[in-house]
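To keep things clear, I will list the structure first and then write my remarks on it.
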Amino acid sequence: MSEFPIRKTEAEWRAELAAKDTEPGAFEVTRRAYTERPFTGKYEQIWADGSYHCICCGNHLFNSTTKFDAGCGWPSFWQAVPGAITEIVDRSHGMVRTETVCSQCGAHLGHVFEDGPAPTGLRYCMNSAALEHQPR
Ligand SMILES: [Zn+2]
(Lines give C-alpha, C1' and ligand atoms only; values in the text may rest on other atoms or scores of the structure.)
Protein backbone atom coordinates (compact mmCIF):
# COMPACT_ATOMS: atom_id res chain seq x y z
CA MET A 1 0.00 0.00 0.00
CA SER A 2 1.20 3.48 -0.77
CA GLU A 3 2.31 5.99 1.79
CA PHE A 4 -0.27 7.96 3.71
CA PRO A 5 0.45 10.99 5.92
CA ILE A 6 -1.02 9.33 9.02
CA ARG A 7 0.61 6.00 9.81
CA LYS A 8 -0.03 3.87 12.91
CA THR A 9 0.41 0.26 13.84
CA GLU A 10 -2.53 -2.13 13.93
CA ALA A 11 -2.35 -2.12 17.73
CA GLU A 12 -2.52 1.66 17.80
CA TRP A 13 -5.52 1.75 15.47
CA ARG A 14 -7.24 -0.98 17.48
CA ALA A 15 -6.76 0.97 20.72
CA GLU A 16 -7.83 4.26 19.16
CA LEU A 17 -11.02 2.80 17.68
CA ALA A 18 -11.82 0.97 20.91
CA ALA A 19 -11.70 4.30 22.75
CA LYS A 20 -14.31 5.80 20.41
CA ASP A 21 -18.01 5.03 20.08
CA THR A 22 -17.50 3.01 16.90
CA GLU A 23 -19.71 0.41 15.34
CA PRO A 24 -18.74 -3.26 15.76
CA GLY A 25 -16.23 -4.21 13.10
CA ALA A 26 -14.80 -0.72 12.62
CA PHE A 27 -11.27 -2.05 12.93
CA GLU A 28 -11.81 -4.99 10.55
CA VAL A 29 -13.53 -2.75 7.98
CA THR A 30 -11.03 0.10 8.00
CA ARG A 31 -7.75 -1.77 8.54
CA ARG A 32 -8.54 -5.19 7.01
CA ALA A 33 -10.94 -4.13 4.22
CA TYR A 34 -13.84 -6.21 5.50
CA THR A 35 -17.34 -5.35 4.29
CA GLU A 36 -20.08 -4.96 6.87
CA ARG A 37 -23.34 -6.79 6.29
CA PRO A 38 -25.89 -4.68 4.36
CA PHE A 39 -28.66 -2.87 6.24
CA THR A 40 -26.75 -3.14 9.53
CA GLY A 41 -24.81 0.14 9.65
CA LYS A 42 -26.10 2.98 11.77
CA TYR A 43 -25.74 5.54 8.97
CA GLU A 44 -27.53 3.58 6.28
CA GLN A 45 -30.82 5.38 6.93
CA ILE A 46 -29.58 8.58 8.55
CA TRP A 47 -30.42 11.74 6.62
CA ALA A 48 -29.41 14.43 9.11
CA ASP A 49 -27.52 17.49 7.93
CA GLY A 50 -23.81 17.54 8.49
CA SER A 51 -20.58 16.02 7.35
CA TYR A 52 -19.11 12.52 7.29
CA HIS A 53 -15.57 11.89 8.46
CA CYS A 54 -13.11 9.02 8.53
CA ILE A 55 -13.67 7.04 11.75
CA CYS A 56 -9.90 6.55 12.07
CA CYS A 57 -8.47 10.03 11.55
CA GLY A 58 -11.38 12.47 11.21
CA ASN A 59 -10.65 13.38 7.58
CA HIS A 60 -13.74 15.12 6.06
CA LEU A 61 -14.95 12.71 3.34
CA PHE A 62 -18.55 13.56 2.41
CA ASN A 63 -21.32 16.07 2.99
CA SER A 64 -24.87 15.00 3.83
CA THR A 65 -26.16 16.90 0.78
CA THR A 66 -24.59 14.25 -1.48
CA LYS A 67 -25.99 11.24 0.41
CA PHE A 68 -28.73 9.27 -1.33
CA ASP A 69 -30.69 6.07 -0.85
CA ALA A 70 -29.18 3.55 -3.26
CA GLY A 71 -31.25 0.73 -1.78
CA CYS A 72 -28.15 -1.43 -1.49
CA GLY A 73 -27.94 -1.44 2.30
CA TRP A 74 -24.87 0.73 2.69
CA PRO A 75 -24.56 4.51 3.07
CA SER A 76 -24.14 5.91 -0.44
CA PHE A 77 -22.92 9.25 -1.74
CA TRP A 78 -22.64 10.68 -5.25
CA GLN A 79 -19.67 12.93 -4.53
CA ALA A 80 -16.66 12.92 -2.22
CA VAL A 81 -14.85 15.94 -0.85
CA PRO A 82 -12.11 16.70 -3.42
CA GLY A 83 -8.84 15.04 -2.46
CA ALA A 84 -10.29 13.24 0.56
CA ILE A 85 -10.34 9.79 -1.01
CA THR A 86 -7.75 7.72 -2.86
CA GLU A 87 -8.92 5.15 -5.39
CA ILE A 88 -7.21 1.75 -5.76
CA VAL A 89 -7.99 -0.98 -8.29
CA ASP A 90 -9.32 -3.99 -6.38
CA ARG A 91 -9.17 -7.40 -8.11
CA SER A 92 -10.35 -9.48 -5.14
CA HIS A 93 -13.38 -11.81 -5.18
CA GLY A 94 -13.05 -12.38 -8.94
CA MET A 95 -14.17 -8.84 -9.77
CA VAL A 96 -12.47 -5.64 -10.81
CA ARG A 97 -13.71 -2.87 -8.58
CA THR A 98 -12.45 0.51 -7.45
CA GLU A 99 -11.62 0.50 -3.77
CA THR A 100 -11.80 3.79 -1.88
CA VAL A 101 -9.48 4.57 1.01
CA CYS A 102 -8.97 7.64 3.18
CA SER A 103 -6.24 9.83 1.64
CA GLN A 104 -4.94 10.74 5.08
CA CYS A 105 -4.65 7.39 6.86
CA GLY A 106 -5.37 4.72 4.24
CA ALA A 107 -8.50 3.42 5.99
CA HIS A 108 -10.62 1.17 3.77
CA LEU A 109 -13.97 2.92 3.26
CA GLY A 110 -15.75 0.95 0.56
CA HIS A 111 -15.95 1.05 -3.24
CA VAL A 112 -17.02 3.53 -5.90
CA PHE A 113 -19.20 2.45 -8.83
CA GLU A 114 -20.28 4.25 -11.98
CA ASP A 115 -24.01 3.65 -11.58
CA GLY A 116 -24.87 6.59 -9.36
CA PRO A 117 -27.28 9.47 -9.91
CA ALA A 118 -26.69 12.81 -11.64
CA PRO A 119 -24.76 15.02 -11.64
CA THR A 120 -21.69 12.79 -11.17
CA GLY A 121 -23.03 9.33 -12.06
CA LEU A 122 -20.95 7.96 -9.21
CA ARG A 123 -22.01 5.82 -6.27
CA TYR A 124 -19.66 5.79 -3.32
CA CYS A 125 -20.79 2.66 -1.52
CA MET A 126 -19.44 3.07 2.00
CA ASN A 127 -19.22 0.98 5.12
CA SER A 128 -21.10 2.75 7.86
CA ALA A 129 -18.50 1.57 10.37
CA ALA A 130 -15.81 3.54 8.53
CA LEU A 131 -17.71 6.82 8.95
CA GLU A 132 -18.43 9.31 11.68
CA HIS A 133 -21.26 11.81 11.21
CA GLN A 134 -20.85 15.30 12.60
CA PRO A 135 -24.01 17.42 12.77
CA ARG A 136 -23.82 20.84 11.20
ZN1 LIG B 1 -8.61 8.49 7.69
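The values are calculated or read from the model by the stated rules, or taken from the named source; none is laboratory data. The shown structure was predicted, so the numbers you read here are calculated from the model rather than taken from an experiment. Note: ideal-geometry Cβ built from the backbone for every residue, glycine included; neighbour counts use all protein chains shown.
So, in segment 44-66, exactly how many residues are crowded, with 16+ Cβ neighbours inside 10 Å and of a type in the set (D, E, K, R)?
1
Which numbered condition trips up residue 77, out of (1) farther than 30 Å from residue 7 by Cβ; (2) surrounded by 15 or more Cβ atoms within 10 Å (Cβ to Cβ)?
(1)
Any residue at all in segment 49-59 that is of a type outside the set (A, V, I, L, M, F, W, C), farther than 12 Å from residue 131 by Cα and touching a strand residue (DSSP E or B) at 6+ places or on another chain (Cβ under 6 Å)?
Initially, segment 49-59 is screened for residues of a type outside the set (A, V, I, L, M, F, W, C), giving 49-53, 58-59.
The next check asks that each one be farther than 12 Å from residue 131 by Cα; those that pass are 49-50.
Applying the additional criterion that residues be touching a strand residue (DSSP E or B) at 6+ places or on another chain (Cβ under 6 Å) yields 50.
Yes: one or more hits.
Can you find a residue in segment 66-81 that is more than 26 Å from residue 121 (Cβ to Cβ), modelled with pLDDT of 95 or more, under 13 Å from the mean Cα position of the chain (by Cα) and among the hydrophobic types (A, V, I, L, M, F, W, C)?
Keep residues of segment 66-81 that are more than 26 Å from residue 121 (Cβ to Cβ), which gives none.
Scanning segment 66-81, I find no residue that is more than 26 Å from residue 121 (Cβ to Cβ), modelled with pLDDT of 95 or more, under 13 Å from the mean Cα position of the chain (by Cα) and among the hydrophobic types (A, V, I, L, M, F, W, C), so the answer is no.
(1) of a type in the set (A, V, I, L, M, F, W, C); (2) touching a Gly at 6+ places or on another chain (Cβ under 9 Å); (3) at pLDDT below 95: which one isn't true of residue 95, the others all being true?
The number of the failed condition is (2).
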